[in-house]
Amino acid sequence: MLVRLLYASHAAKETPAGSITAIMQQSHSNNPRQGITGVLCHSERLYLQVIEGGRDQVNALYAKILRDPRHTDAILLHYEEICERRYSGWTMGQVNLNKLNPGTLLRYSALPEFNPHALSGKSSLALIDELMAAASVLGRA
Ligand SMILES: Cc1cc2nc3c(=O)[nH]c(=O)nc-3n(C[C@H](O)[C@H](O)[C@H](O)COP(=O)(O)O)c2cc1C
């Protein structure tokens, strides 16, 4: 049984530079073993992550991520059972939201500022898919 989970959170204020590198290293080392795939979008202020895999593995990883002090205010945006993965080529793709094109953003959002806490889960997933189609994702593995 496969599921897809999407959440957003605020980066912790005292997060040291290099946190994203450390998180990506942990993801690339742990996720293949657990059959986890997905994409992590980030800026200095926030994270938006989509995680796919077996239900037990996704739920366990999300519980672990929620306890991580490197971010706060995590909000679950979307959770669904899926027949097939969308991000099977990425053990955890990486998207830098600072490079987001304002036109792309406005297609899915009321204001030209990226605020996933105010976006629907469907809009956030559509935005991630568009970023992937535009080859904005790093870290294919
Ligand atoms: C925004 C964010 C995303 C994360 N994504 C993942 C992930 O996809 N996979 C993972 O193993 N850890 C991820 N982590 C790190 C976990 O919270 C946790 O620190 C890590 O899995 C512990 O790894 P270890 O058991 O090897 O020490 C993430 C942390 C944050 C703050």
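The values are calculated or read from the model by the stated rules, or taken from the named source; none is laboratory data. This structure is a prediction, so every number in the text was calculated from the model and none was measured. Cβ: placed from backbone, ideal geometry, glycine included. Neighbour counts: every protein chain shown. Side chains included, ligands, DNA and RNA excluded: accessible areas come from the protein's heavy atoms. Shrake-Rupley method; radii C 1.70, N 1.55, O 1.52, S 1.80 Å.
In the range 21-41, what residues are touching a residue at least 40 places away in the same chain (Cβ under 8 Å) and of a type in the set (S, T, N, Q)?
27, 31, 37
Report whether or not residue 125 is within 16 Å of the chain's Cα centre (by Cα) and without any contact (Cβ under 8 Å) to a residue 40 or more places away in the chain.
Here the answer is no, as residue 125 does not meet what is asked.
Given 127, 48, 100, 111, which one is aliphatic (A, V, I, L, M), over 17 Å from residue 7 (Cβ atoms), open to solvent by less than 40 Å² (accessible area, probe 1.4 Å) and modelled with pLDDT under 95?
100
Are any residues in the range 1-21 modelled with pLDDT of 95 or more, among the hydrophobic types (A, V, I, L, M, F, W, C) and near the ligand (Cβ under 9 Å from one of its atoms), and if so, which ones?
none
For the structure I just gave you, tell me whether residue 57 is among the polar types (S, T, N, Q), at pLDDT 95 or above and surrounded by 12 or more Cβ atoms within 10 Å (Cβ to Cβ).
yes
If a residue counts only when it is touching an Asp or Glu at 6+ places or on another chain (Cβ under 9 Å) and among the small types (Gly, Ala, Ser), which strands (runs of 3 or more DSSP E) contained entirely in the range 1-90 have at least 2 such residues?
Filter on the range 1-90 gives 2-11.
How about the range 79-88: which of its residues are over 16 Å from residue 34 (Cβ atoms) and surrounded by 15 or more Cβ atoms within 10 Å (Cβ to Cβ)?
Matches in the range 79-88: 79, 86.
Report, by residue number, each residue of the range 56-81 that is more than 14 Å from the chain's Cα centre (by Cα) and over 14 Å from residue 4 (Cβ atoms).
Within the range 56-81, 56, 60, 63, 64, 67, 68, 69, 70, 72, 73 qualify.
In the range 23-45, what residues are under 19 Å from residue 12 (Cα atoms), open to solvent by 50 Å² or more (accessible area, probe 1.4 Å) and near the ligand (Cβ under 10 Å from one of its atoms)?
25, 26, listed by residue number.
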